[in-house]
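All remarks here apply to the structure that follows.
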Amino acid sequence: MKKLLVALALGFAFTQPSLADGPADLLVMVNSGNAQTQGMAFVLATQAMEQKSGVRVLLCSEGGQLAVKGKEGAVLKPRNVTPNQMLQGLMKAGAKVEVCALFLPNADLKPGDLLDGISVAKPPEIAAYMMQGNVKVLTY
């Protein structure tokens, strides 16, 4: 019996994800309306993508305004880009971008008001993603 438990424990240990399996994925939740805070979130997300991490962005509250057509934010130095432009760059690189399920109805907006490529998050999917062992959650 003892040998069986040891064998099961060792088998389980070798099936768990480890750092050797590759970089963690990121869920970057942006709630702030502050351009510098948004910009830093996207700088770090971009760096993570360059290091082969998967990135998913969830825009809520004031951060959700980044997803709305026709909204432009402040230009940030030293690259002279807006958080909107940084977000578009992440999307072009393959990041999945969504707004919180509560954003549209509480901002009196419709899905057609969102930039192309941005969808409404489904809470069960976000919760399941967050709970994966290889996902780190960053909140701004």
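The values are calculated or read from the model by the stated rules, or taken from the named source; none is laboratory data. On a predicted model such as this, the values are computed, not experimentally measured, just so you know. Ideal geometry is used to build each Cβ from the backbone, glycine not excepted, and the neighbour counts take in all protein chains shown.
Tabulated results
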quantity: Contacts under 6 angstrom Cβ, first residue in region 54-68 being more than 11 Å from I118 (Cβ to Cβ) and β-branched (V, I, T), partner modelled with pLDDT of 95 or more and not in a helix (DSSP H, G or I), 6 or more apart; calculated: V55/L26; V55/A95
quantity: Yes/no for A41 being hydrophobic (A, V, I, L, M, F, W, C), in a helix (DSSP H, G or I) and at pLDDT below 95; calculated: no
quantity: T46, sole failed condition from (1) farther than 21 Å from Y140 by Cα; (2) modelled with pLDDT of 95 or more; calculated: (1)
quantity: Counted residues, region 99-122 - those being assigned to a strand (DSSP E or B) and either more than 15 Å from V28 (Cβ to Cβ) or in contact with an Asp or Glu (Cβ under 8 Å, 6 or more places away or on another chain) (or both); calculated: 4
quantity: Condition check for E125: out of contact with any Lys or Arg (no Cβ under 9 Å at 6 or more places or on another chain), farther than 26 Å from P23 by Cα, in a helix (DSSP H, G or I) and without any contact (Cβ under 8 Å) to a residue 60 or more places away in the chain; calculated: no
quantity: Conditions (1) in contact (Cβ under 8 Å) with a residue 40 or more places away in the chain; (2) in contact with a helix residue (DSSP H, G or I) (Cβ under 6 Å, 6 or more places away or on another chain): number failed by K71; calculated: (1)
quantity: Residues of region 44-55 classified as in a strand (DSSP E or B) and either of a type in the set (G, A, S) or surrounded by fewer than 19 Cβ atoms within 10 Å (Cβ to Cβ) (or both), total; calculated: 0
quantity: Out of V81, V135, V75, sole residue that is touching a Ser or Thr at 6+ places or on another chain (Cβ under 7 Å) and at pLDDT 95 or above; calculated: V75
quantity: Scan of region 56-98 for residues that are among the polar types (S, T, N, Q), crowded, with 18+ Cβ neighbours inside 10 Å and not in a loop (DSSP other than H, G, I, E, B), ordered by number; calculated: Q65, N84, Q88
quantity: For D116: the one exception among (1) surrounded by fewer than 11 Cβ atoms within 10 Å (Cβ to Cβ); (2) under 21 Å from S32 (Cα atoms); calculated: (2)
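To keep it simple, each residue is scored yes or no on (1) hydrophobic (A, V, I, L, M, F, W, C); (2) within 13 Å of the chain's Cα centre (by Cα).
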| position | (1), (2) |
| --- | --- |
| V99 | yes, yes |
| F103 | yes, no |
| D113 | no, no |
| P124 | no, no |
| T139 | no, yes |
